[in-house]
């Protein structure tokens with residue numbers, strides 16, 4: 001329910017004439033209705049423009065933040081994977097190749113453990129990644 005507020009508004013003569021002309025042209029019954037519509041328009045216009053801009057910036061900030069975290073994770077992963085690949089670059093044959101494959105599996109497991117531990121060292125990043133994964137935002 002609307003609350004009634006009484007106040008006095010001093011309007012210069014020219015503005016009063018302009019308001020009367022506008023009210024007549026737009027079939028507005030009273031100056032009260034005109035002022036109420038003008039205030040509503042002013043507030044909504046300001047609110048809508050700033051709200052849209054603010055929400056756009058918030059959305060962009062969130063997307064940039066997601067990209068930042070994703071890039072950090074991918075860079076760390078690629079860096080360690082590159083180190084592992086370089087370590088096993090030469091071709092091996094026979095029994096040595098079988099042992100190298102077993103060693104490679106162990107190294108991959110070590111790599112994933114190392115990678116996970118590094119993520120855990122930065123709790124905020126880990127929590128954000130986990131939250132994004134669970135909510136489907138990642």
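Some points to look at:
- Summed over segment 7-38, the residues that are surrounded by 10 or more Cβ atoms within 10 Å (Cβ to Cβ) and at pLDDT below 80 give a count of 0.
- Within segment 58-115, the residues that satisfy the criterion of being surrounded by 11 or more Cβ atoms within 10 Å (Cβ to Cβ), over 27 Å from residue 129 (Cβ atoms) and in contact with a helix residue (DSSP H, G or I) (Cβ under 9 Å, 6 or more places away or on another chain) are 87, 88, 92.
- Residue list for segment 86-96, restricted to those being modelled with pLDDT under 80 and either part of a helix (DSSP H, G or I) or closer than 19 Å to residue 119 by Cα (or both): 86, 87
The values are calculated or read from the model by the stated rules, or taken from the named source; none is laboratory data. Keep in mind it's a predicted model, so treat the numbers as computed, not measured. Counting neighbours? That spans all protein chains shown, and the Cβs are built from the backbone with ideal geometry, glycine included.
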